[in-house]
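For reference, the structure is listed below as structure tokens.
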Amino acid sequence: MQLVVARIGRAHGIKGEVTVEVRTDEPELRLGPGAVLHTDPASAGPLTIETGRVHSGRLLLRFAGVTDRNGAEALRNILLIADVDPDELPEEEDEYYDHQLVDLDVVLADGTEIGVITEISHLPSQDLFIVERPDGTEVMIPFVSEIVTEIDLENQRAVIAPPPGLIDEREAVVASQRDAEAEAKTASEGDAEAEAEAETGNGDGAEGRTSGEDAS
């Protein structure tokens, strides 16, 4: 099986290095020195990674035979493709390769269909499911345990518990209104309590003075 593992970005420096947009959870395995990668377009490859390093949070690669900035710029936007055994599994439990997740049905706990995962977006902070809905629109779902509660490869589905507004913006409006009403109610109750305390305090003062007068 062939999977896209990166997209080549701009040239970096003058010695043939390029930045890459990583599209794999295992860059150290797929994009390590010595790896031979197919390309899209195919005419640009195959490319052999000669060196790799991280600079300012970005992965920089240099390919065999690419020795200057012009050669690096010529590779811009080319996709890098690795051969992957379809039966291979990640070493860590509860981790998945992109090809295992793409095309999974996304449903709520009650079985309500949300859509189908068409792509995994790997961001610095988290991974996102790009989900195509039945009406053709897309929604991005963070791949975190609080939202994606189950990955069921046997039944080819991902079960989610989305917060209000993630799937339907109208839910966010309703939730926002509900929160605002709750805050207003809390504030109102707080004001009422404050007034009651103030009245009680004034009464205590009068009673104290009356007691003192009686004592005299």
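Let me check I've understood the local charge: for residue 16, count other residues with C-beta under 11 angstrom from its C-beta, Lys and Arg +1, Asp and Glu -1. What total comes out? Numbers along the way, then the final one.
Details: positive: 15, 62, 69; negative: 17, 50, 68, 73.
Charge balance in the 11 Å sphere: -1.
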Quiz item: All other residues with a Cβ under 12 Å from the Cβ of residue 113 taken together, and with Lys, Arg as +1 and Asp, Glu as -1, what is their net charge?
Solution: -2
Self-check item: the range 27-81, accessible area per residue, ligands and nucleic acids excluded (1.4 Å, Å²)
Solution: 56 Å²
Quiz item: Counting only protein heavy atoms and using a 1.4 Å probe, what share of the accessible area of the range 1-128 belongs to carbon plus sulfur, as a whole percent?
Solution: 48 percent
Quiz item: So if R0 is 41 Å, what FRET efficiency would residue 155 and residue 39 give, r being the distance between their Cβ atoms, rounded to the nearest 0.05?
Solution: 0.70
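The values are calculated or read from the model by the stated rules, or taken from the named source; none is laboratory data. Model, not experiment: these values are computed from the prediction. FYI the Cβ positions are ideal-geometry reconstructions off the backbone, even for glycines, and counts take in every protein chain you see. We work out accessible area using only protein heavy atoms, side chains counted, and drop any ligands, DNA or RNA first. Shrake-Rupley method; radii C 1.70, N 1.55, O 1.52, S 1.80 Å.
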